[in-house]
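Student: Mind having a look at this structure? Questions to follow.
Computed from the coordinates by the stated procedures, all read-outs in this text should not be read as laboratory data. Since the structure is predicted, the reported quantities are computational estimates derived from the model, not experimental observations. Reconstructed Cβ throughout: ideal geometry from the backbone, glycine too, with neighbour counts over all protein chains shown.
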Amino acid sequence: MANYEETLIQQSKEGNADAFNQLVERYQGQVYNVSLRMLGNPQDAEDLTQETFVLAWKAIPRFKGGNFRAWILRIASNACTDVLRSRKGHRVDSMDEVFPEYNPLQSETEAPEDHVLQEEIAQLISEQLLLLSEEQRLVIILADLQGLSYEEIAQVTKCSVGTVKSRLNRARSNLRDLLLEHKELLPTEFRL
Amino acid sequence: MRDLFSPYLDGRLDPVKRDRMLYHIEICPACREELSTLEETVKLLRSIPAAFPARSFTSDVWPRRSAFFGKYRLREAGLRIATAAAAMVLFASLAIGFTGVFDESSPAQGITADNHQKPMTDLSSPAAETPVGEITPTSPSSTEGGDIAPPEATQPNTSPGLFIGSDQTGAIQKSTETGESAPPEATQHTPELISGSPSWIRWMQIVGGAMVAVLISINIVAWRRRR
């Protein structure tokens, strides 16, 4: 698997668009999800995902090996930071703006009411995530939503593993405090 | 102790720390509550299903790669080259100013040449004593001086930093030798204070310094944006 990815990376470096498309297919879900949780808007997330892969295509000749997922997510997180910086001063007035068309696929085995509940929880958490600082939001997305290890997060954020640990701890504590303000919206099995 | 909760939930605590933390949890209800709520938060986060993009991001035609890493890199390199060029202009103009290669007249040379050229008898001439008489009317030589030389001739000597020709510096030297005008220290420091650099070098220094300051500021802003 890793060898196959290395082959794709090498071919992409040489300008093979098909090989690069395979890498895109492999990582577009993760890049899109990180962008969506960071920016809070599906349209912006799509634009940013596209921009990330264009940047990656241009920069891949300089990729020196190592963890390709961390590398591509670093490009995405940098692009997110740029977008958020340019947005500074513009606050989201209504939470309806946050995820206007968020609609994860419904599992076949999931009951409709469970799906609605799951969607409500996702909506609530997504809204509260946007209230965290950019740095804390990024580590929590990478660790708990994307399942990256501390070492991978350190590569994406360009900081030490120790910093990742403490930042993640603070991020989770802050998110917990924010969720506790909406206790009534949480399902009984998740009552904090 | 609370710093260990996240690593514990992620299974990243070594056995010694984990046992110590678990022991503390047993005896501390506040920390037990804290850990419990944190655990529920992590569970909630991990229960969120992944979102799926409405389209694929593959492409048949990816943008052409620039030989110099694209427009952004080109702009960045241009900025650095411009900064280096401005710094070189500034450095060169400062070096020229200090070495005095293009000096129109070196003040030190002007004074010594003037002193050597002028015969000692000139010092006792009425023309040489006249300005002195104008500065200090109470001095005895003022009666001899008369009003041959205009009083303005002495005025530029009193302002340091301005360019003064060899004739005027010579006049300073003569007046000090009579001991009736400015103190000797003033005439000794005057050549150091006077810059003989042509005005175009001063303009180079000013423009070069301003350009370096502006370009360094732009570089700092660009560097912060890249970060």
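Student: Pop the C-beta distance of A:Ser86 and A:Ser149 into the FRET formula with R0 = 25 Å and round what comes out to the nearest 0.05.
Tutor: Working from the Cβ atoms, E equals 0.20.
Student: If only Cα atoms are counted, what is the Rg of the range A:111-190, and what is its Dmax, in Å?
Tutor: Reported Rg and Dmax, both Å: 14.1, 43.
Student: Using a simple spin-label model with points 7 Å from Cα along the Cα→Cβ vector, what separation in nm is obtained for B:Trp200 and B:Val61?
Tutor: 5.3 nm
Student: According to a simple spin-label model (label point 7 Å from Cα along Cα-to-Cβ), what is the distance in nm between B:Arg75 and B:Val221?
Tutor: 1.2 nm
Student: Quickly work out the A:Val161-to-B:Met1 label distance, labels modelled 7 Å from Cα along the C-beta direction, and quote it in nm with one decimal.
Tutor: In this crude spin-label approximation the distance works out to 2.6 nm.
Student: Follow-up. Once R0 is set to 60 Å, what does the formula 1/(1 + (r/R0)^6) return for the Cβ-Cβ distance between B:Ala54 and B:Thr99, expressed as a FRET efficiency to the nearest 0.05?
Tutor: With a Förster radius of 60 Å, E is 0.30.
Student: Still on this structure: How do A:Val54, B:Val61 line up, fewest other C-beta atoms within 10 Å first?
Tutor: Ranking A:Val54, B:Val61 by Cβ neighbours within 10 Å, fewest first, gives B:Val61, A:Val54.
Student: Moving to a separate point now. What number comes out for the charge environment of A:Gly66, summing +1 per Lys or Arg and -1 per Asp or Glu over other residues with Cβ under 15 Å away?
Tutor: +2
Student: May I ask you to derive the FRET efficiency for A:Gln123 and A:Lys13 from their Cβ-Cβ distance with R0 = 51 Å, giving the value to the nearest 0.05?
Tutor: 0.80
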